[in-house]
Amino acid sequence: MATKDMILGKLQTLITEDFNDPKAAFAFFDKDGDGSLSKKEIVRLLKKAEISGFIRGFVASKLIEGYSKDGDEQVSWDEFTTALNEIKE
């Protein structure tokens with residue numbers, strides 16, 4: 001089973017290797033341009049980061065649960081940067 005550290009590590013690798021900066025990664029996955037990542041958009045991000053299809057939905061739900069502090073069940077840019085800061089620690 002994938003661990004939180006492994007998943008966050010794969011996300012960090014994706015963001016640093018495939019995009020110029022985190023804002024570009026966020027914008028790429030924010031398909032509807034509403035300034036937040038929905039569960040569907042997070043699942044796409046996890047797929048691109050090569051997270052197993054078996055656990056993508058679960059991981060997306062846990063990311064939303066852990067980082068969406070305003071209760072809208074989406075991850076805003078500010079919440080996304082909070083997750084990125086945790087990766088760097």
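The values are calculated or read from the model by the stated rules, or taken from the named source; none is laboratory data. Quick caveat: nothing in here was measured; it's all calculated off a predicted structure. With ideal geometry, Cβ positions are generated from the backbone for all residues, glycine too; neighbour counts draw on all protein chains shown. Remember, those area values only see protein heavy atoms, side chains included, never the ligands or the DNA or RNA. Shrake-Rupley method; radii C 1.70, N 1.55, O 1.52, S 1.80 Å.
Residues in the stretch 1-55 that are at pLDDT 95 or above and among the polar types (S, T, N, Q) were compared, and the one that is nearest to Thr82 (Cα to Cα) is Ser36. Can you confirm whether the stretch 32-39 contains a residue that is surrounded by 17 or more Cβ atoms within 10 Å (Cβ to Cβ), polar (S, T, N, Q) and either part of a helix (DSSP H, G or I) or in contact with a Leu (Cβ under 9 Å, 6 or more places away or on another chain) (or both)? For the stretch 32-39, residues surrounded by 17 or more Cβ atoms within 10 Å (Cβ to Cβ), polar (S, T, N, Q) and either part of a helix (DSSP H, G or I) or in contact with a Leu (Cβ under 9 Å, 6 or more places away or on another chain) (or both): absent. Ile42: open to solvent by less than 30 Å² (accessible area, probe 1.4 Å) and part of a helix (DSSP H, G or I), yes or no? In short, yes.
Kindly indicate whether Asn20 is assigned to a helix (DSSP H, G or I) and open to solvent by 70 Å² or more (accessible area, probe 1.4 Å). Spell out how you get there, then give the answer.
Numbers: assigned to a helix (DSSP H, G or I): no; open to solvent by 70 Å² or more (accessible area, probe 1.4 Å): yes.
No; evaluated as a whole, the condition is false for this residue.
The residues in the stretch 55-68 that are part of a loop (DSSP other than H, G, I, E, B) and within 12 Å of the chain's Cα centre (by Cα) can be counted, and the count is 1. Candidates in the stretch 69-84 are the residues that are open to solvent by 40 Å² or more (accessible area, probe 1.4 Å) and assigned to a helix (DSSP H, G or I); of these, the one that is farthest from Ala24 (Cα to Cα) is Thr82.
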